[in-house]
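Below: the structure, in structure tokens.
Every number here is computed from the coordinates shown, using simple stated rules; none is lab data. Quantities reported herein were computed from a predicted structural model and do not represent experimental measurements. Glycine also receives a Cβ, built like all others from the backbone with ideal geometry; neighbour counts cover every protein chain displayed.
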Amino acid sequence: MAKDEDPFERRFPLRRSAEEVTVPPEPRARERIGIWKPRALEAPAVELAGALPPLEAPRRATTVPPPSPPPSPPPPMPPVGEPAPSGDTTNVPVLPPARRRRNWLKWATRGVAALIVLFIVAVGWLALTAPLSKSLRPPAPPSITLLAEDGTPIARRGAVIGQPVDAAKLPKHVRDAFVAIEDRRFYGHWGVDPRGILRAFVHNVTSSGGSQGGSTITQQLAKNAFLNSKRTFGRKAQEVMIAFWLEAWLSKDEILSRYLSNVYFGDNVYGLRAAAQHYFSTTPEDLTVSQATLLAGLVQAPSRLAPTGNLKGARDRQRLVIGAMVEGGFLEKSEAADVRPAVLRVSKTKELPNGTYFADWVLPQARDRAGGVATEQTVRTTLDSRLQQVAERVVKSSGLRQSQIALVAMHPDGRVVAMVGGKSYADSPFNRATQARRQPGSTFKLFVYLAALRSGMTPDSMIDDTPVTIGDWKPENSDGRYAGRITLRQAFAKSSNVAAARLTHQLGVARVTKAARDLGISTPIGNDASIALGTSTVSLLELTAAYAAISNGSYPVRPSGLDNEESADDWLARRLGGAAQFRGNELEDMRSLLATVVESGTGRGAALPIPTFGKTGTTQDSRDALFIGYAGDLVVGVWLGNDDNTANPGLAGGGLPARIWRDFMVRAMNLTLPPPPPVEEEQIDNSIDLEGVLNGVGVRLDEDGVQIDADRLRDMLQGGDEEDATGGRDSTPPRDRPRRPGPDGDSRRGAPDDSEQH
């Protein structure tokens with residue numbers, strides 16, 4: 001362009017000469033679509049006069065122009081609806097990617113069709129498998145039949161179920177208490193709460209505490225009233241579908257009414273009306289905020305939190321309910337501060353006992369597994385009917401008088417196969433195997449010596465069996481005898497009190513307590529060295545399970561009354577809480593110590609013809625006497641004592657408890673005890689020396705005949721008169737006189753000396 005040429009005229013030419021007109025080359029196919037970039041044209045000068053210049057013939061090229069360079073790659077296509085970049089011109093409009101849009105629509109249509117088909121299939125499957133015909137009927141009162149391991153019925157239980165409640169007629173704070181803790185968005189969802197499910201999933205994955213559930217109140221009603229407790233995807237799908245069904249046919253108040261009328265509150269009580277009457281002797285319409293929050297807290301774990309057996313746990317849960325009501329806006333902070341712990345007014349009308357000790361113990365677990373209210377549920381337990389009969393026969397033949405007895409038998413993995421909680425269930429249904437908390441005596445030394453083995457000691461390590469003073473406490477051996485410097489094996493076999501106290505003081509109470517906790521002891525343990533002698537209380541069931549850990553080879557062992565299918569826990573909990581293994585030689589050394597007790601220690605009365613392991617225990621003044629041990633695949637614990645905790649003179653763990661333990665094991669395992677060793681009798685000369693006899697009474701024989709010694713005869717007669725005057729004498733030596741049996745029928749003759757009482 002010339003210097004003085006006007007740019008405006010170049011962009012908008014009005015006239016152009018013939019020689020300036022050039023014919024552009026044929027554009028390529030790709031340039032014709034819309035990305036062709038024409039070559040620059042030289043615009044002729046524009047004359048404002050408007051006249052066109054005369055046409056001239058085109059000039060011929062005198063020289064051949066050089067070949068044009070290869071075209072540069074085309075610029076990217078601008079998005080649909082946006083103008084082309086500046087500097088480019090186009091004669092063809094930009095077209096949208098029609099093929100991609102068609103593909104997206106095609107796949108979206110296919111996905112929607114697949115979902116519709118799946119939904120139709122799910123509804124059809126649900127109609128055939130789920131009990132939708134029952135979903136609008138009131139549930140029937142529940143009943144549970146407990147089965148033994150072989151399927152034999154062992155007990156049948158009904159339940160206390162109250163009359164239905166109408167949620168619309170309940171006080172607002174009663175409804176709010178259950179909604180706040182169980183399903184805060186109950187009035188806003190359609191039966192399933194995705195936010196609640198996501199919250200529970202995140203909590204269960206990221207937290208080491210208890211697991212949370214994401215089920216709504218509608219889902220809980222569907223599960224408790226119409227389904228079983230199997231943890232399968234199919235049952236969960238049925239639960240969701242029934243929840244949608246209930247939401248479609250019932251109002252929120254009707255759903256809440258059915259839920260409150262049938263939920264389990266512990267103590268064999270179903271329904272809010274029955275629970276209000278049972279725990280507070282009132283009606284649901286008259287419940288206070290304190291009472292309502294306590295009842296709402298029981299729903300999560302009714303068997304464990306029932307306030308009649310765990311008032312502290314129920315009140316702790318009550319505080320969580322109050323906090324949830326404040327957080328959800330159901331209760332003001334000032335109102336929450338005025339809520340006091342609920343005070344029980346338990347109804348005096350109680351059902352008569354109608355079962356056995358084992359059935360009473362396993363029933364709460366069975367109810368939790370059965371899934372709430374149903375017409376009929378059967379739950380298989382771990383009880384062995386034959387072993388249970390053996391245990392009952394052994395107890396009856398033990399000859400007990402005023403003393404009580406408890407016996408627990410389990411497999412090493414914790415499956416309880418027999419249980420006796422007292423001499424007579426009809427006279428006293430109190431279960432002394434599970435409910436009583438008594439001092440374990442020297443059976444607690446298991447944890448003392450396990451802590452010693454963990455610290456690096458061995459059964460051959462030395463310990464002083466001499467008097468010791470720890471602070472103001474002076475432990476003593478029960479027999480008052482001390483052996484001086486002995487091995488741990490000897491100290492454990494003779495159950496030395498001073499050795500156990502010295503070990504606890506040297507190792508520290510914390511190590512002994514940790515050993516007890518690792519093996520499953522959950523009851524409170526003291527904080528001084530006296531725990532070595534069993535001063536803290538524990539149940540026989542829990543203590544027997546601790547010994548089962550030694551037999552099982554891993555810890556802890558949790559006692560259970562349900563079979564593996566019924567007692568299956570959450571899969572995540574099973575994977576996060578696996579059993580721990582003993583380290584190094586700890587297990588073999590501990591078994592060696594327990595075997596020594598039976599072979600040559602205080603537990604010789606429990607010896608069997610097969611390898612036997614165990615420990616005796618006797619508390620102060622013989623208030624409690626125990627023997628706990630195992631042989632084969634059975635772990636058995638036996639306890640004797642008085643309910644009022646009074647003394648039993650002469651009772652010791654190595655005596656009657658050990659013999660009852662042995663009697664049960666012999667019958668349970670079909671063992672044959674070896675005959676006692678033969679006793680060699682003294683050879684007695686039965687020949688009679690007539691002369692010696694006559695001389696003894698004052699008569700002498702000689703060649704002159706029979707001679708009577710009158711003086712000798714007179715002395716004998718006078719001595720006899722004097723003896724008769726004194727009332728006679730017992731010529732039997734004191735050591736040969738028969739001993740009267742003690743209070744438990746145990747004469748203690750020939751019983752080993754159990755020297756572990758403190």
Among Lys312/Lys333; Lys252/Lys312; Lys172/Lys333; Lys312/Lys615, which pairs are too far apart, with a Cα-Cα distance over 26 Å? Lys252/Lys312; Lys312/Lys615
Report the label-to-label distance for Thr469 and Asp621 in nanometres (one decimal), using points 7 Å from each Cα along the Cα→Cβ vector. 2.7
Under 20 Å by backbone N from the virtual spin label 7 Å along Cα-to-Cβ at Asp563, the residues of the range 147-164 are 147-157
Counting other Cβ atoms within 10 Å, keep those with at most 15, restrict to DSSP loop, and tell me which trypsin sites (Lys or Arg not before Pro) in the range 286-365 are left. Arg345, Lys348, Lys350
For the pair Leu198/Ser281, report the inter-label distance in nm, with labels modelled 7 Å from Cα in the Cβ direction. 5.0
At 0.36 nm per residue, minus the direct Cα-Cα distance, what do Gln389 and Glu588 gain on full extension? Give it in nm, one decimal, please. 68.3 nm
Rounded to the nearest 0.05, what FRET efficiency do Asn527 and Ser251 have when you use their Cβ-Cβ distance and R0 = 60 Å? 0.60
For a quick protection proxy, order the peptides 360-367, 634-641 by their average other-Cβ count within 10 Å, most packed first. 634-641, 360-367
